[in-house]
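Notes to accompany the following structure.
The values are calculated or read from the model by the stated rules, or taken from the named source; none is laboratory data. As the structure is a computational prediction, the values presented were derived from the model and not from experiment. All Cβ positions, even for glycine, are placed from backbone atoms using ideal geometry, and neighbour counts span all protein chains on display.
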Amino acid sequence: MFHVYLSGPDIFLPNSKDIDTNKKAICERYGMEGVSQLDMADERSFSGDAKMASEIFEQTRELISSCDLLIANMSPFRGPSLEAGTALEMGIMLGLGKPVLGYCLNQEDYAARLMRLHDVFELPLNEASGDLQAPDGLVVENFGLSEGALVSGAVQAANISIAEDFESAVRWGRRLLAD
């Protein structure tokens, strides 16, 4: 049976256990076993000291290493982009030479999300130089994708686009691992 690491910010949600149970049931329907950070501890603490953070990282890295595939929830979290820990988990899996798939529940492209955010703060982006730029002159990636080039490219490395929902990503993963 293939093991799939379930990556994403879902662990921070109040109903994280229900989401985890549902995702694992979907994986099981496709002949795979879902694995997540919630498997490491019954009651995960989100505060502590540097030693605890280091231990969580090491445990997570070991858990990811034991899996055949990673599926990332790449939906924007606490800002216009995916959660930083999710990006790191994707990098760990790619560093192991294993495939990474992703899904994003918000299909609006990254540049459009950033434009909307800047409009709220009355610091609109501009295209005066031909590139999309913030008022401070920093360029904004504008590839028409739901994330930046590197993160989107990590998923596209498996020749699969970022899916619109978790189950679609699981179906792609099953096909990918069956080959």
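Which fully enclosed helices (runs of 4 or more DSSP H) of region 80-179 have 2 or more residues being within 28 Å of LYS23 (Cα to Cα) and β-branched (Val, Ile, Thr)?
84-95, 149-156
Being farther than 14 Å from GLY148 by Cα, touching a helix residue (DSSP H, G or I) at 6+ places or on another chain (Cβ under 9 Å) and in a loop (DSSP other than H, G, I, E, B) is the filter here; which residues of region 58-74 pass it?
CYS67, ASP68, listed by residue number.
Can you say whether PHE77 is of a type in the set (Phe, Trp, Tyr), assigned to a loop (DSSP other than H, G, I, E, B) and either farther than 20 Å from SER161 by Cβ or in contact with a Phe, Trp or Tyr (Cβ under 9 Å, 6 or more places away or on another chain) (or both), as far as the supplied structure shows?
In short, yes.
GLU28 - would you say it is assigned to a helix (DSSP H, G or I) and either within 14 Å of the chain's Cα centre (by Cα) or modelled with pLDDT of 90 or more (or both)?
Considered against the rule, which asks whether it is assigned to a helix (DSSP H, G or I) and either within 14 Å of the chain's Cα centre (by Cα) or modelled with pLDDT of 90 or more (or both), GLU28 comes out as yes.
Select, from ASN159, ASN126, ASN73, the only residue that is among the polar types (S, T, N, Q) and not assigned by TED's automatic domain parsing to the domain that holds ASN22.
Step by step, each of ASN159, ASN126, ASN73 is checked, and only ASN126 is among the polar types (S, T, N, Q) and not assigned by TED's automatic domain parsing to the domain that holds ASN22.
Table: residues versus (1) surrounded by 21 or more Cβ atoms within 10 Å (Cβ to Cβ); (2) of a type in the set (Asp, Glu).
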residue: GLN59; (1), (2): no, no
residue: CYS67; (1), (2): yes, no
residue: ASN73; (1), (2): yes, no
residue: ALA87; (1), (2): no, no
residue: GLY97; (1), (2): no, no
residue: GLY102; (1), (2): yes, no
residue: ASP109; (1), (2): no, yes
residue: ARG116; (1), (2): no, no
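Suppose we filter SER81, SER65, SER45 for residues that are hydroxyl-bearing (Ser, Thr, Tyr), modelled with pLDDT under 95 and within 22 Å of GLN156 (Cα to Cα); which single one remains?
Only one candidate passes the filter, namely SER81.
Is there a residue in region 105-124 that is within 14 Å of the chain's Cα centre (by Cα) and under 30 Å from GLN59 (Cβ atoms)?
The answer is yes, given that some residue of region 105-124 is within 14 Å of the chain's Cα centre (by Cα) and under 30 Å from GLN59 (Cβ atoms).
Yes/no per residue for (1) free of Cβ contacts under 8 Å to residues at least 24 places away in the same chain; (2) crowded, with 18+ Cβ neighbours inside 10 Å; (3) closer than 25 Å to MET1 by Cβ:
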{"position": "ALA84", "(1), (2), (3)": "yes, no, no"}
{"position": "MET93", "(1), (2), (3)": "no, yes, yes"}
{"position": "LEU105", "(1), (2), (3)": "no, no, no"}
{"position": "ASN142", "(1), (2), (3)": "no, yes, no"}
